[in-house]
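The block underneath contains the structure these notes are about, expressed in structure tokens.
The values are calculated or read from the model by the stated rules, or taken from the named source; none is laboratory data. These figures come from a predicted structure and were not determined experimentally. So basically every Cβ, Gly included, is an ideal-geometry build from the backbone, and we count neighbours across all protein chains shown. Only protein heavy atoms, including side chains, enter the accessible area calculation; ligands, DNA and RNA are left aside. Shrake-Rupley method; radii C 1.70, N 1.55, O 1.52, S 1.80 Å.
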Amino acid sequence: MSFTIYSTSWCGPCKRLKRQLAELNITYQEIDIEQSPEAAALVESLNNGNQMVPTLVFSDGTSMTNPSAIQVKEKLSTL
């Protein structure tokens, strides 16, 4: 996998992004931050102490918070 999506089950923007990524046949690993304190802490560290989702972490160590599917596709083309 080229990236991981940190999300929650109730997050509307997360559901939208995952649906759009599926339409583009883009695969990813998903981690629910409500089920993983370590993942929640990582998301907080990337977002100035906030648990903002969706937060994506790419294989090169960079991250994006609440990106569009097009932004994700463009990022993947650089990896």
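Worth pointing out:
- Dipole magnitude of the chain about its Cα centre (Cβ charges: Lys, Arg +1; Asp, Glu -1), debye to nearest 20: 320
- Pairwise label distance in nanometres, Q20 with Q71, each label 7 Å out on the Cα-Cβ vector: 0.9
- Computed with every protein chain present, the accessible area of T62 is close to 60 Å² [probe 1.4 Å].
- Computed over the chain, relative contact order equals 37 percent, with contacts defined as Cα pairs under 8 Å that lie 6+ residues apart.
- Net charge of neighbours whose Cβ lies under 13 Å from the Cβ of I31, counting Lys and Arg as +1 and Asp and Glu as -1: -3
- Atom-type composition of the exposed protein surface of the chain places 49 percent of the accessible area on carbon and sulfur (1.4 angstrom probe).
- Accessible surface, 1.4 Å probe, highest first, among residues D60, D32: D60, D32
- In the full protein context, the chain carries 58 Å² of accessible surface per residue, based on a 1.4 Å probe and ignoring ligands, DNA and RNA.
- Candidate values (1) -0.39, -0.59, -0.66, -0.74; (2) -0.47, -0.64, -0.70, -0.75; (3) -0.66, -0.88, -0.94, -0.99 were compared with log10 I(q)/I(0) by the Debye sum over Cα atoms at q = 0.14, 0.17, 0.18, 0.19 Å⁻¹ computed on the shown model; the agreeing label is (1).
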